[in-house]
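Trainee: Quick one: structure below, then a few questions.
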Amino acid sequence: MIQTLGKNEMTVKTPTKSATTAKSSSKAVKGAPLTEAELLKMSEKDYMNAAQLDFFRQKLLTLKNDILQNASQTTEHLRENILVPDPADRATIEEEHALELRTRDRERKLLKKVEQALARIESGDYGWCEETGEPIGLNRLIARPTANLSLEAQERRELRQKLFGD
């Protein structure tokens, strides 16, 4: 930091440690989104503050854009008519198309979950378990940003599904 004292005089000041810390925390809120490491270093009382919500919003928007781009590429790919005289080659191409369509179907379902998660961010419910109301946890949300249940609630749900076939 340079501070001007007079007409031709200048002094150079280096920021103090507290100024650097304040600057980095304001950067997280006002500037670029947090990194995963910065997110995990935050205290529990900062759970789902504006910076964390912005981090997950950006992560979800990136995921949504990737899914939409993949769907567009698949549409273009499937429109190409490849005439192959060999039946075995034709069968291989059809199998690749079927696999690609199954993958896009999974992504279509994921896209719906991404949009629901973005809506939860806007409503202020993101990061909280729908069954218990407890925090889902940053590690789980980083791994699965569309999660709407805590790990314990999800395990209970999967056990019920396994036992009762729901």
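The values are calculated or read from the model by the stated rules, or taken from the named source; none is laboratory data. Because the structure is predicted, anything quoted here is derived from the model rather than measured. Cβ placement follows ideal geometry from the backbone for every residue including glycine, while neighbour counts extend to all protein chains displayed.
Trainee: Just for segment 117-164: of the residues that are among the hydroxyl-bearing types (S, T, Y) and farther than 15 Å from K59 by Cβ, which one is farthest from the chain's Cα centre (by Cα)?
Mentor: The extreme case among them is T132.
Trainee: Within segment 124-146, can you find the residues that are among the hydrophobic types (A, V, I, L, M, F, W, C), without any contact (Cβ under 8 Å) to a residue 24 or more places away in the chain and surrounded by 14 or more Cβ atoms within 10 Å (Cβ to Cβ)?
Mentor: Result: I136, single match.
Trainee: Restricting to segment 126-154, name every residue that is farther than 24 Å from I67 by Cα, of a type outside the set (G, A, S) and not in a helix (DSSP H, G or I).
Mentor: Correct list: W128, C129, E130, E131, T132, E134, P135, I136.
Trainee: Only one residue in L111, L163 is farther than 28 Å from Q52 by Cβ, of a type in the set (A, V, I, L, M, F, W, C), in a helix (DSSP H, G or I) and free of Cβ contacts under 8 Å to residues at least 60 places away in the same chain, so which one is that?
Mentor: None of the others qualify; the one that does is L163.
Trainee: Is it true that T92 is in contact with an Asp or Glu (Cβ under 8 Å, 6 or more places away or on another chain) and either without any contact (Cβ under 8 Å) to a residue 24 or more places away in the chain or of a type in the set (S, T, N, Q) (or both)?
Mentor: So T92 fails the test.
Trainee: I've got another one for you. Would you check if E96 is of a type in the set (D, E), touching a helix residue (DSSP H, G or I) at 6+ places or on another chain (Cβ under 6 Å), surrounded by 11 or more Cβ atoms within 10 Å (Cβ to Cβ) and not in a loop (DSSP other than H, G, I, E, B)?
Mentor: no
Trainee: Checking the conditions here, which among I142, I93, I136 is of a type in the set (A, V, I, L, M) and touching a Gly at 6+ places or on another chain (Cβ under 8 Å)?
Mentor: The match here is I136.
Trainee: Kindly indicate whether A88 is touching a Pro at 6+ places or on another chain (Cβ under 7 Å), at pLDDT 90 or above and either farther than 30 Å from M42 by Cβ or part of a helix (DSSP H, G or I) (or both).
Mentor: So A88 fails the test.
Trainee: Right, next: Residues of segment 114-125 being part of a loop (DSSP other than H, G, I, E, B) and either at pLDDT 95 or above or among the acidic types (D, E) (or both), which ones?
Mentor: Matches in segment 114-125: D125 only.
Trainee: Something else: Among (1) more than 25 Å from A37 (Cβ to Cβ); (2) of a type in the set (A, V, I, L, M); (3) out of contact with any helix residue (DSSP H, G or I) (no Cβ under 8 Å at 6 or more places or on another chain); (4) at pLDDT 95 or above, where does L163 come up short?
Mentor: All conditions pass for L163, except number (4).
Trainee: Do we find that A143 is in contact with a Leu (Cβ under 7 Å, 6 or more places away or on another chain), of a type in the set (A, V, I, L, M), modelled with pLDDT of 95 or more and within 26 Å of L34 (Cβ to Cβ) in this structure?
Mentor: Criteria not met by A143.
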